[in-house]
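Here's the structure, in structure tokens; my notes come after.
The values are calculated or read from the model by the stated rules, or taken from the named source; none is laboratory data. Since we're looking at a predicted model, the values are computed, not measured. We place every Cβ from the backbone using ideal geometry, glycine too, and count neighbours over all the protein chains shown. To get the accessible areas, we keep the full protein, side chains included, count just its heavy atoms, and leave off ligands, DNA and RNA. Shrake-Rupley method; radii C 1.70, N 1.55, O 1.52, S 1.80 Å.
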Amino acid sequence: MADAPSAPPASGGPVKGADEDAIVLWHVPLSRSMRVLWLLNELELPFSLRVLDITSKDMRAAEYAAIHPVGRAPALQIDGSVIHESGAIIEYLCETRGQHLWRAPGAEGRLGWLDWLHFAETIGQHIANLTQSHLMLRDPSMRSPTVMKLETARLGRTLRLVEQTVGDQDWLMAAGFSGVDCAVGWSVWTARRFVPLSAALQGYVDRCADRAAFQASLPGAEDPVLYDRDFYEVPDA
């Protein structure tokens with residue numbers, strides 16, 4: 001499980017003195033880096049957590065640029081390297097440390113596992129666009145209600161594929177919970193801030209949220225969080 005430092009470093013900088021075998025996650029609470037945090041907790045791996053505040057200048061500082069030149073999260077230090085894409089991180093962690101949550105090349109379910117892993121980003125792009133409009137464009141004059149309505153509708157449509165699957169089984173893979181549930185599960189759990197969920201989707205989200213590893217990935221009382229409300233209404237045009 002994660003270390004619990006008394007305070008995150010101001011810059012989210014590299015861990016001084018850490019050996020190349022150390023796992024370190026740079027994380028914005030409630031963002032897509034939560035997918036990685038959830039999976040690390042599922043795998044019960046030892047790791048250090050560096051919490052970042054997206055509203056501060058920390059992610060644009062030179063210290064963090066040495067870790068993630070784009071200034072985003074997640075960033076995962078592992079096996080002497082740093083990985084930046086949450087989907088790639090999930091696949092690598094499952095391949096190297098959690099094969100029970102993976103589907104290896106040639107294994108039954110491999111095609112579906114890969115499809116779900118990448119479909120998480122299809123959902124995520126609409127979440128990102130709506131997050132940008134609702135949270136980052138603080139001046140309402142900068143927002144386009146038309147674009148926000150379109151993105152909300154698109155997000156709702158992408159969830160239909162998940163709904164068709166979890167309406168008949170508990171998890172995305174028929175054999176049970178796997179790494180792709182960390183990817184897609186976070187996406188659906190976050191999508192509920194922008195679109196109402198059907199009963200099947202809400203049931204899936206509840207199953208995800210009931211997992212101890214998911215609970216361990218939620219922000220602490222003192223952590224900065226990305227979202228400040230449960231639901232964001234689409235503004236009138």
Unique match (being polar (S, T, N, Q) and either under 17 Å from the mean Cα position of the chain (by Cα) or surrounded by 17 or more Cβ atoms within 10 Å (Cβ to Cβ) (or both)) among S198, S217, S144:
S217
Quickly run through the stretch 17-32 and pick out the residues that are open to solvent by less than 10 Å² (accessible area, probe 1.4 Å) and farther than 27 Å from L130 by Cβ.
V24
Can T190 be described as modelled with pLDDT of 95 or more, out of contact with any Pro (no Cβ under 9 Å at 6 or more places or on another chain) and surrounded by 20 or more Cβ atoms within 10 Å (Cβ to Cβ)?
yes
S178 meets each of (1) out of contact with any Pro (no Cβ under 9 Å at 6 or more places or on another chain); (2) surrounded by fewer than 19 Cβ atoms within 10 Å (Cβ to Cβ) with one exception, condition (2)
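Wholly within the stretch 33-122, which helices (runs of 4 or more DSSP H) include no fewer than the required count, namely at least 3 residues that are modelled with pLDDT of 95 or more, open to solvent by 20 Å² or more (accessible area, probe 1.4 Å) and out of contact with any helix residue (DSSP H, G or I) (no Cβ under 6 Å at 6 or more places or on another chain)?
Hits in the stretch 33-122: 86-97.
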